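Engineer: Structure provided below as structure tokens; questions to follow.
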Amino acid sequence: MQISMISLINSADEAVHEDILETDRHDQDMAAPSCYSVTIFTQRWKEVRDFYVNLLSANVVSERTDRYCEMELGGIPMTLRQCEYGEMVSYFHLYISMKGRAAVLQELRQRGIIVTSVGPYTNFRDPEGRVIKLSEEKMVVA
């Protein structure tokens, strides 16, 4: 009596397995992404630039007046851009940690900016209404 064993291999399964191996190889070669800028579109360029640079002490990296301003705020690369081609004003919440906030808070109040406190955050808005949440240290949501 002769016994033979037949192995059935589905060619589709082989293709899927090969795709998985290829994807793993691709992921190993791919570098981690790097954010080089968060862009803020504005219709009030001078006021918003003054707010971030002169009040919150953003460091200007490069600038073309009334058009764009590349800056760094707390290690985050940001670009302020004038709305030119139908872009909408950007909206976001910006969380900033800062030790010794008294001088900044005093300046905000002197400029007539409403400052409120909720939990660990001191809240205020930039000239176009974007929410800024200021805390003594980085807060972790639990």
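Engineer: Is the shape of segment 38-135 best called rounded, prolate or oblate, per the rule: a/c under 1.5 gives rounded, else a/b larger than b/c gives prolate, else oblate, with a ≥ b ≥ c the square roots of the Cα gyration tensor eigenvalues?
Structural biologist: prolate
Engineer: Can you find, among Phe92, Tyr68, Leu108, the residue farthest towards the positive end of the dipole of segment 43-142? Put +1 on the C-beta of Lys and Arg, -1 on that of Asp and Glu.
Structural biologist: So the residue we want is Leu108.
Engineer: Less than 9 Å Cβ to Cβ from Met71, Lys/Arg counted +1 and Asp/Glu -1: what total charge do the surrounding residues give?
Structural biologist: -2
Bear in mind these aren't lab numbers, they're just calculated from the coordinates by the rules spelled out. Bear in mind that the values here come from a model prediction, so they are computed numbers and not experimental data. Ideal geometry is used to build each Cβ from the backbone, glycine not excepted, and the neighbour counts take in all protein chains shown.
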